[in-house]
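The values are calculated or read from the model by the stated rules, or taken from the named source; none is laboratory data. Here the structure is a predicted model, which is why all the values come from computation and not from measurement. Ideal geometry is used to build each Cβ from the backbone, glycine not excepted, and the neighbour counts take in all protein chains shown. Accessible surface areas use protein heavy atoms only, side chains included; no ligands, DNA or RNA. Shrake-Rupley method; radii C 1.70, N 1.55, O 1.52, S 1.80 Å.
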Amino acid sequence: MTKPEARSPGRRVLVVEDDYFVADSLALALKAHGIDVLGPVANVDEALELIARDERIDGAILDVNLKGELVFSVGDVLRTRGVPYVFTTGYDASSVARHAGGAPCFEKPVPPAQLIDALFGEH
Amino acid sequence: MKRTPPTTMGRGKDADPIERAKRIEEELRQSEQLLRLAMEASSAGAWNWNARTNESNWDDRYHEMYGFAPDEPRTYEGWLGRVHPDDRPRVVARLEAVLRTPGDDEWNIEFRAVSPRRGVMWMHGLGRAWRDRDGQVLSLSGINLDITARKRAEGELRESEGQLRLFFENAPSAVAMLDLDMRYLAASRRWLEDFGLSGDLIGRSHYDVFPEIPERWKAIHRRCMAGAVERSDDDSFERADGSVQWLRWEIHPWRNAIGEIGGLIMLSEDVTETRLWRERQQVLLDEMQHRTRNLITVVEAIAQQTMRATSSMDAFMAQFSIRLSALSRVQGLLSRSDRTPITIGALISMELEALGLHSGGPRASVEGPNVRLRKRSVQTLALAIHELATNAQKYGALATENGRLSVTWRIERAADGDACLALEWIETGIVQRLDRADPQRFGYGRTLIEKALPYSLSAKTTFEVGDREFRCSITLPLERLDGGEVAR
């Protein structure tokens with residue numbers, strides 16, 4: 001499972017999460033794992049803007065419900081670019097899985113290490 | 001009576017008149033015997049009326065059928081007395097018409113008679129008139145058949161058919177009965193109502209009534225016609241107008257008296273409404289779960305932020321529980337928001353009142369137009385206002401005798417037409433000795449306002465701490481929503 005670049009630091013991970021404090025603590029935790037955080041951003045428009053602007057994204061953590069707006073369109077764009085992503089949600093993970101297109105879904109709260117593991121296979 | 005036609009075989013014998021008379025007599029006797037047998041088999045009674053003598057006569061069976069005593073005379077008047085009064089005019093009119101009208105020689109009539117022994121009976125009267133060359137009636141003769149049993153059976157059949165029809169029509173569910181050609185034999189009113197039909201379906205083809213029936217269902221009908229019983233708890237029926245009905249249905253074949261399949265019985269229940277409710281319930285449940293989970297992450301964040309700014313467990317508990325109270329007040333507001341939309345004014349009043357302050361009092365003035373808040377922005381905004389209010393009470397304008405709090409808001413419109421809700425929180429007359437750098441005073445609340453509101457709600461905020469003054473402004477973008485403007 002070990003890829004040559006797996007342990008290399010400086011992976012760039014996009015965080016989309018509407019709650020400031022959740023986003024903030026997730027960003028801090030990711031940084032502690034040596035990850036470069038893109039964002040965090042709180043809505044779909046800003047996420048799409050970031051993706052359009054940044055050439056390099058290695059992974060993304062997407063909160064499903066952003067103050068009533070659904071994040072799935074961000075996932076669709078990432079998939080076309082071959083970027084791995086995971087969903088986090090306050091909903092039942094199984095009810096989200098139907099729209100997730102095979103991407104892993106986690107019910108909140110979820111330890112950041114699990115998210116990194118799901119994205120890159122190790123941490 | 002018909003004359004026996006001469007036969008070629010008998011021609012030789014006819015030469016002897018005595019032999020011929022004997023033969024005729026014998027043939028007549030046989031013929032009479034046959035007639036009697038026929039009369040007995042049909043249980044008919046025979047009668048005759050002679051126009052010349054105006055005499056009536058009838059046989060014993062007729063006499064007995066009408067319930068006459070053996071010694072009662074056999075007269076027309078006696079018979080007429082036994083005809084049911086309601087049918088008498090019709091029967092007399094028919095006989096008189098025959099008497100008057102040469103060529104109208106036969107009658108065939110049903111009427112009721114009343115026998116002292118057997119009560120009301122139904123009679124079938126058949127007969128004919130015999131006329132002379134001028135058309136004058138010589139005699140009338142006829143037979144009567146007792147058809148009471150048949151009439152009763154017919155009535156019972158009609159009644160049970162009527163009851164069946166009533167049962168079908170009034171059945172408290174949608175039921176239909178079809179024949180082998182899928183034509184309606186019966187349908188309940190509910191069937192008509194559920195499928196939005198009107199008029200009489202009887203005799204019409206199911207597939208003409210519902211041209212939109214899919215091949216899939218026709219196949220089911222064919223299987224049921226072959227003896228299958230099929231049902232579905234949840235099946236969609238796309239109607240011709242494009243709407244979709246959800247049905248629970250069951251189809252059985254029905255069998256006639258000798259066990260052959262005579263067609264189908266269909267039962268259906270429109271579960272569209274039930275389905276909608278179930279879906280709505282699921283949405284509500286999902287939403288509840290989402291809200292609960294999110295609430296837990298919010299509580300987690302509040303705990304972390306509070307922990308960061310407190311030095312002892314006691315201080316933490318005190319702070320934390322006050323913040324949880326604020327959070328639970330917002331939940332109450334949110335759960336009532338379907339009936340009572342949440343306005344910025346209501347939110348501010350609620351937070352001030354929770355601290356024992358009245359927004360109309362001398363120390364605090366609260367003023368602004370009615371602006372509805374979007375549900376999803378309420379929680380963060382309420383927590384921010386709670387932080388402002390508790391800080392004012394602990395360290396700010398409401399902690400001193402001469403302090404004053406003014407909370408005002410208005411709708412501001414930019415040149416491009418976008419509207420904002422601009423709120424100003426101003427505290428004056430604050431005692432200077434309060435430590436501006438007190439981390440507790442500006443910890444969580446300040447982060448909420450300076451970071452969380454811009455991040456989550458795209459708000460613009462300022463947070464200015466002066467020596468004797470405190471100013472905070474929050475500008476929230478407004479959205480146009482069902483007629484009114486709502487804070488995002």
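Return the residues of region B:36-88 that are small (G, A, S) and under 29 Å from B:Q136 (Cα atoms); say none if nothing qualifies.
Start the filter on region B:36-88 by keeping residues that are small (G, A, S), which leaves B:38, B:41-46, B:51, B:56, B:67, B:69, B:78, B:81.
Once the filter is applied, which keeps residues that are small (G, A, S) and under 29 Å from B:Q136 (Cα atoms), region B:36-88 yields B:A44, B:G45, B:A46, B:A51, B:S56, B:G78, B:G81.
Among the candidates B:V83, B:V91, B:V114, which residue alone is over 17 Å from B:A46 (Cα atoms) and either assigned by TED's automatic domain parsing to the domain that holds B:N50 or open to solvent by 20 Å² or more (accessible area, probe 1.4 Å) (or both)?
Details: B:V83 fails: over 17 Å from B:A46 (Cα atoms); B:V91 fails: over 17 Å from B:A46 (Cα atoms).
Being over 17 Å from B:A46 (Cα atoms) and either assigned by TED's automatic domain parsing to the domain that holds B:N50 or open to solvent by 20 Å² or more (accessible area, probe 1.4 Å) (or both) holds for just one of B:V83, B:V91, B:V114, which is B:V114.
Give the residue, chosen from B:G396, B:G483, that is open to solvent by less than 50 Å² (accessible area, probe 1.4 Å) and modelled with pLDDT under 90.
Details: B:G483 fails: open to solvent by less than 50 Å² (accessible area, probe 1.4 Å).
Only one candidate qualifies: B:G396.
Can you tell me which residue in region B:270-286 is nearest to the chain's Cα centre (by Cα), limited to those that are charged (D, E, K, R) and either open to solvent by less than 70 Å² (accessible area, probe 1.4 Å) or within 13 Å of another protein chain (Cβ to nearest Cβ) (or both)?
If we take residues in region B:270-286 being charged (D, E, K, R) and either open to solvent by less than 70 Å² (accessible area, probe 1.4 Å) or within 13 Å of another protein chain (Cβ to nearest Cβ) (or both), then B:D270 is nearest to the chain's Cα centre (by Cα).
Tell me which of these B:P341 doesn't satisfy, since it passes every other one: (1) open to solvent by less than 10 Å² (accessible area, probe 1.4 Å); (2) part of a loop (DSSP other than H, G, I, E, B).
B:P341 satisfies all of (1) open to solvent by less than 10 Å² (accessible area, probe 1.4 Å); (2) part of a loop (DSSP other than H, G, I, E, B) except (1).
I'd like the residue in region B:430-454 that is surrounded by fewer than 16 Cβ atoms within 10 Å (Cβ to Cβ) and modelled with pLDDT under 85 and, out of all such residues, is nearest to B:L383 (Cα to Cα).
Out of the qualifying residues, it is B:P439.
If you check B:R36, B:R20, which single one turns out to be modelled with pLDDT of 85 or more, in a helix (DSSP H, G or I) and either assigned by TED's automatic domain parsing to the domain that holds B:R118 or not small (G, A, S) (or both)?
Details: B:R36 fails: modelled with pLDDT of 85 or more.
After ruling out the rest, the residue left standing is B:R20.
Taking the condition closer than 27 Å to B:Y444 by Cα and at pLDDT below 85, does A:G101 pass?
no
Could you list, in sequence order, all residues of region A:84-105 that are more than 10 Å from every other protein chain (Cβ to nearest Cβ) and part of a strand (DSSP E or B)?
A:Y85, A:V86, A:F87, A:C105
Give the residues of region B:236-286 that are of a type in the set (A, V, I, L, M, F, W, C) and either part of a loop (DSSP other than H, G, I, E, B) or within 30 Å of A:G90 (Cα to Cα) (or both), sorted by residue number.
Passing the criteria: B:A240, B:A257, B:I258, B:V271, B:L276, B:W277, B:V283, B:L284, B:L285.
Taking the stated definitions as given, is B:A69 part of a strand (DSSP E or B) and at pLDDT 90 or above?
no
State all residues of region A:26-72 that are out of contact with any strand residue (DSSP E or B) (no Cβ under 8 Å at 6 or more places or on another chain) and part of a loop (DSSP other than H, G, I, E, B); if no residue qualifies, say none.
Listed by number, the residues that qualify are A:H33, A:G34, A:E55, A:K67, A:G68.
What's the number of the only condition in (1) at positive phi; (2) surrounded by 19 or more Cβ atoms within 10 Å (Cβ to Cβ) that A:G34 fails to meet?
(2)
Just to be sure I understand, how many residues within region A:59-79 are touching a Gly at 6+ places or on another chain (Cβ under 9 Å) and not hydrophobic (A, V, I, L, M, F, W, C)?
5
Which residue, of A:I61, A:I57, is open to solvent by 10 Å² or more (accessible area, probe 1.4 Å), under 11 Å from the mean Cα position of the chain (by Cα), closer than 17 Å to A:L26 by Cβ and not acidic (D, E)?
Result: A:I57 is the single residue among A:I61, A:I57 that is open to solvent by 10 Å² or more (accessible area, probe 1.4 Å), under 11 Å from the mean Cα position of the chain (by Cα), closer than 17 Å to A:L26 by Cβ and not acidic (D, E).
All but one of (1) in a helix (DSSP H, G or I); (2) within 12 Å of chain B (Cβ to nearest Cβ); (3) buried (at least 19 other Cβ atoms within 10 Å of the Cβ) hold for A:G75, so report the exception by its number.
(2)
Restricting attention to region A:99-115, which residues are over 24 Å from B:V299 (Cα atoms) and open to solvent by less than 40 Å² (accessible area, probe 1.4 Å)?
In the first step, residues of region A:99-115 are kept if they are over 24 Å from B:V299 (Cα atoms); the result is A:99-104.
Selection gives A:A100, A:A103.
I'd like the full set of residues that are assigned to a helix (DSSP H, G or I), closer than 21 Å to B:R118 by Cβ and not small (G, A, S), limited to region B:78-108.
Correct list: B:W79, B:L80, B:R82, B:R88, B:V91.
Tell me the residue from B:L405, B:L383 that is more than 14 Å from chain A (Cβ to nearest Cβ) and either in a strand (DSSP E or B) or not acidic (D, E) (or both), please.
B:L405
Any residue at all in region B:57-79 that is in contact with a His (Cβ under 9 Å, 6 or more places away or on another chain) and touching a residue at least 12 places away in the same chain (Cβ under 8 Å)?
yes
Just the residues that are of a type outside the set (G, A, S) and more than 13 Å from chain B (Cβ to nearest Cβ), please, taken from region A:13-43.
The answer is A:V13, A:L14, A:L30, A:K31, A:H33, A:I35, A:D36, A:V37, A:L38.
What are the residues in region B:455-474 that are modelled with pLDDT of 85 or more, in contact with a Ser or Thr (Cβ under 8 Å, 6 or more places away or on another chain) and outside any strand (DSSP E or B), if any?
Across region B:455-474, the qualifying residues are B:S456, B:L457, B:A459, B:E469.
Which one of the conditions (1) touching a residue at least 24 places away in the same chain (Cβ under 8 Å); (2) within 28 Å of B:M288 (Cβ to Cβ); (3) surrounded by fewer than 19 Cβ atoms within 10 Å (Cβ to Cβ) does A:L48 fail to meet, given that it meets all the rest?
(2)
A quick yes/no check of all residues on (1) open to solvent by less than 60 Å² (accessible area, probe 1.4 Å); (2) part of a loop (DSSP other than H, G, I, E, B); (3) touching a residue at least 40 places away in the same chain (Cβ under 8 Å); (4) farther than 27 Å from A:P111 by Cα:
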residue: B:M288; (1), (2), (3), (4): no, no, no, no
residue: B:N294; (1), (2), (3), (4): yes, no, no, no
residue: B:E300; (1), (2), (3), (4): no, no, no, no
residue: B:S311; (1), (2), (3), (4): no, yes, no, no
residue: B:S337; (1), (2), (3), (4): yes, yes, yes, yes
residue: B:E351; (1), (2), (3), (4): yes, no, no, yes
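Take B:L357 and decide whether it is open to solvent by less than 40 Å² (accessible area, probe 1.4 Å), modelled with pLDDT of 80 or more, in the same structural domain as B:Y455 (by TED's automatic domain parsing) and of a type in the set (A, V, I, L, M).
Spelling it out, it is not the case that B:L357 is open to solvent by less than 40 Å² (accessible area, probe 1.4 Å), modelled with pLDDT of 80 or more, in the same structural domain as B:Y455 (by TED's automatic domain parsing) and of a type in the set (A, V, I, L, M).
What pairs come up if the first residue lies in region A:3-18 and is modelled with pLDDT of 90 or more and crowded, with 23+ Cβ neighbours inside 10 Å, the second is of a type outside the set (D, E) and in a loop (DSSP other than H, G, I, E, B), and their beta carbons are under 9 Å apart, counting only those six or more places apart or on different chains?
Sorted first by the residue in region A:3-18, then by its partner, the pairs are A:V13/A:I35; A:V13/A:I57; A:L14/A:I57; A:L14/A:V83; A:V16/A:A42; A:V16/A:N43; A:V16/A:V71; A:E17/A:A42.
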